[in-house]
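To keep things clear, I will list the structure first and then write my remarks on it.
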């Protein structure tokens, strides 16, 4: 049985090749894969289980008779063009982070830093849009406990926003690591792992945007169905 | 410390899509999103299934190409697909348990009042006093 794999050390020599890290230690694991990447995929799998019930809860209450006894209907409050721009921003951030990963694997750390900061910037822009949207909804009479549309909506999008916030902080940390020389081509896997998390945040928003915003008008919405 | 080559690395390291490939995928994602938003404003027919399908295409593209799942070890795919199946099952179960299916058959409130459901009494609302001899609908329970 293989002995416990050692952790990678930045800048170490060796024939490592996990996602292009030519200089890092290669872990001798039973799967042949870096356990950190496997751990991230495991975490993302668990995060799917986190968002699944939240989405299910929203879908369960959508269109339910009496779900919106007071407060505005989705069609009265959603600003689809504004949210579409937010979606484009998050999509573009996914492109940016994949560029950062590619740059790090090539060894172009200056470009990596730029792409990472760009991704974090777009993430902050998205969060700003979410904050503006939430405050607008509250001002228009839709709070967390207003009705059975509002509660699932705010919980689901709020938790997504929290994930984005963590992602932004993580990316800024990565950028700092590149800037300080702690992250190099040798340990580019760390950037790839951060990228995996960011892409997950993006795909959750893809689902939220479609389920809530584009198809979220319940059959009982008089603004849509008369 | 002496490094040791991993047992299975046929998909790691050497195969990385080019930058232009990522840009093309990104452009395709943008285009699909634009189509989704455009379809949102089409009220003539119910395009929910189409919107879900487009969303699934975007989802798959990000997972396969940006998250590198298409090029990586298949164990990652197994992990992620299994979690997707589990999550979909949980969504279905939550909806079934909470009566989330079948809301589409509820008539719009315009047929019986702006916000009053046709038959189901409002939860927690006091019973309205009878007016003009009209009988108050009996509570469900």
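What follows is calculated from the coordinates using simple rules that are stated; it is not laboratory data. These numbers were taken from a predicted model, which means no experiment stands behind them. Note that we place each Cβ from the backbone using ideal geometry, even for glycine, and neighbour counts take in every protein chain shown.
Numbers below:
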{"quantity": "Estimated FRET transfer efficiency (residue A:50, residue B:27; beta-carbon r; R0 41 Å; 0.05)", "calculated": "0.85"}
{"quantity": "Inter-chain Cβ neighbour average for residues A:93-105, partner chain, 10 Å", "calculated": "4"}
{"quantity": "Hull shadow area, averaged, region A:96-226 [alpha-carbon convex hull, nm²]", "calculated": "8.5"}
{"quantity": "Length-normalised contact order for region A:111-226 - Cα pairs under 8 Å, 6+ apart - percent", "calculated": "30"}
